[in-house]
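Asks: Here it is, the structure in full.
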Amino acid sequence: MRITGTGKNTLSLVHETELKLERAKEWYFQEHGIKLKNRDIVVWCVFDKDSFPADQFDNAIKSARAKGFQVAYSNEAFELWYLLHFAYYNTGNSRSQYAELLTKRLMRPYAKNDPNMYIFLKPCQATAIHNAKTL
């Protein structure tokens, strides 16, 4: 599994994902002599809702799905989901505040694209689900 943050808006992210997928297929063919087909790969576009206009957000989802990509999106601060693994939060915070809180809870610097985050948070998932439902 490879996680790549791009810092792009929703539609640009879908386009960038398409380009990266084509490059990955070309690389795989060169390395293994096998041409990958879209059905051989599961690709996800994951983005925050942010304050993008609704039509841009909706079009990005439609575009990604039309290309066969899975789509996941969060509210403006996905970090809230991570924090809910530790405790119930119902206050509005800025993104930088969420990062500071996570750094304290994780006892290491928070990185948005940390590939080990799922493994680290998995034991607390039931707590997060309970807190999210309460929220």
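Asks: Looking at I34, I119, I61, which one is part of a helix (DSSP H, G or I), out of contact with any Gly (no Cβ under 7 Å at 6 or more places or on another chain), free of Cβ contacts under 8 Å to residues at least 12 places away in the same chain and among the aliphatic types (A, V, I, L, M)?
Replies: The unique qualifying residue is I119.
Asks: Continuing with this model, one more query. Would you mind telling me which numbered condition in (1) open to solvent by 40 Å² or more (accessible area, probe 1.4 Å); (2) at pLDDT below 95; (3) part of a loop (DSSP other than H, G, I, E, B); (4) not hydroxyl-bearing (S, T, Y) Q97 fails?
Replies: Checking Q97 against (1) open to solvent by 40 Å² or more (accessible area, probe 1.4 Å); (2) at pLDDT below 95; (3) part of a loop (DSSP other than H, G, I, E, B); (4) not hydroxyl-bearing (S, T, Y), the one that fails is (3).
Asks: Within the stretch 64-81, can you find the residues that are closer than 18 Å to L101 by Cα and open to solvent by 30 Å² or more (accessible area, probe 1.4 Å)?
Replies: Selection gives N75, E76, F78, W81.
Asks: So W81 clears everything in (1) in a helix (DSSP H, G or I); (2) more than 19 Å from K49 (Cβ to Cβ); (3) under 17 Å from the mean Cα position of the chain (by Cα) except one condition, right? Which one?
Replies: Of (1) in a helix (DSSP H, G or I); (2) more than 19 Å from K49 (Cβ to Cβ); (3) under 17 Å from the mean Cα position of the chain (by Cα), only one is false for W81: (2).
Asks: Being out of contact with any Ser or Thr (no Cβ under 9 Å at 6 or more places or on another chain) and not in a helix (DSSP H, G or I) is the filter; apply it to the stretch 100-116 and report the residue that is surrounded by the fewest Cβ atoms within 10 Å (Cβ to Cβ).
Replies: It comes out as M107.
Asks: Next question, about the same structure. Scan the stretch 1-52 for residues that are over 13 Å from the mean Cα position of the chain (by Cα), modelled with pLDDT of 75 or more and surrounded by 12 or more Cβ atoms within 10 Å (Cβ to Cβ) and jot them down.
Replies: L11, S12, H15, E16, E18, K20, L21, A24, K25, E26, I41
Asks: Which condition number does I61 fail, the rest of (1) in contact with a strand residue (DSSP E or B) (Cβ under 8 Å, 6 or more places away or on another chain); (2) of a type in the set (A, V, I, L, M, F, W, C); (3) open to solvent by 80 Å² or more (accessible area, probe 1.4 Å) being met?
Replies: For I61, the failing item is (3).
The values are calculated or read from the model by the stated rules, or taken from the named source; none is laboratory data. Worth saying up front: this structure is predicted, and the values here are computed from it rather than measured. Note that we place each Cβ from the backbone using ideal geometry, even for glycine, and neighbour counts take in every protein chain shown. Remember, those area values only see protein heavy atoms, side chains included, never the ligands or the DNA or RNA. Shrake-Rupley method; radii C 1.70, N 1.55, O 1.52, S 1.80 Å.
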